[in-house]
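The block underneath contains the structure these notes are about, expressed in structure tokens.
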Amino acid sequence: MRLGVSSYSFHQSSLDLFQVIKKVKEMGFKAVEFAGFPDLPAGETALTFAPRVKEACDEAGLEIVNYTIWADFINGSNGDLQAEIKRVQDEVRVAKVLEASGMRHDSSWGWPADQAATRGFDDALPILIEGCRAVTEFGADLGIKTMVENHGYFCQDSDRIEKLITGVDHPNFGLLLDMGNFLVVDENPAEAVGRLLPYTFHIHAKDFHVKSGNGPNPGRGWFTSRAGNYLRGAILGHGEVPVLQILRTIKNGGY
């Protein structure tokens, strides 16, 4: 098991990506995950920019363990599934240049407003399976494992994640498991981790403070779960996620 940090952890700072790399090294981490490349220089694409990022990480002695991007196989690329598949496959090429072992992409953020009242997750599942399978087959040819993450409300519950992964049914496809994100859909994190650990390629450690949605809004910095409870990011181990229990489950499961 290797410990690293995501570039997303610095997204509210004033640091640019290369300063983030230096900071990660200063903090003592040996590995880094990149949450895309925000604020690309003019004329650059992720693919042309990636070699500079890889070089900077090599100089800092940091392993790039994962590359994460936005995707949506229902709404992305103006609703054109094949175009969205191609776009996400192009991002796999970026992960290859970075020499990352894996790439996380979203599956979907849900049906558009004019369909959300009549179509549910099971209606979307065949589309999501097709998109994820096409991307992971492409990734397998390049030696890049691909995965979805439990976030975004729509494809976040453990039963939905399990349906998607078993539906894709490919050894190159799995899960980026975020131990805290199950609270966003009001699910018990320990139970969800136990269920999904066999499909897990990569893990995010995260914690939340939780307040009942039956009380007043706690104010700035809090957001609501799908069922209306209030959540706020917490220092790991200071919130409501049973972090120690989950870490034991992960260790005992052979991750």
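Taken together, the values in this text are just the output of simple stated rules run on the coordinates, not laboratory data. Values in this document were obtained by computation on a predicted structure and should not be read as measured data. Cβ atoms come from the backbone with ideal geometry, glycine included; neighbour counts cover every protein chain shown.
Quarter the surface of the alpha carbon convex hull of the range 112-255 and you get the mean projected area, 10.0 square nanometres. By the count of other C-beta atoms within 10 Å, a proxy for reagent exposure, THR166, THR48 are ordered fewest to most as THR166, THR48. Taking the dipole about the Cα centre of the range 70-252, with the C-beta of Lys and Arg at +1 and of Asp and Glu at -1, give me whichever of PRO112, ALA134, TYR153 is farthest to the positive side. Working it through, the farthest residue towards the positive pole turns out to be TYR153.
Annotation note: chymotrypsin sites (Phe, Trp or Tyr not before Pro) in the range 183-237 located in DSSP loop regions with a Cβ neighbour count of at most 15 within 10 Å are absent. Computed over neighbours whose Cβ is under 13 Å from that of GLY228, the net charge equals +1, Lys and Arg +1, Asp and Glu -1. Footprinting exposure proxy ranking of SER225, SER9, SER212, fewest other C-beta atoms within 10 angstrom first, gives SER212, SER9, SER225.
Take every Cα pair under 8 Å whose residues are at least 6 apart in sequence, average their separation, divide by the length of the range 24-127, and the relative contact order is 29 percent. Remark: HIS204, HIS238 ranked as HIS238, HIS204, counting other beta-carbon atoms within 10 Å and listing the fewest first.
Derived from the Cα gyration tensor, the three semi-axes of the equivalent ellipsoid of the chain are 27, 24, 19 Å, largest first.
Evaluated with a Cβ-only charge set (Lys, Arg +1; Asp, Glu -1), the range 70-252 carries a dipole of roughly 580 debye about its Cα centre, given to the nearest 20.
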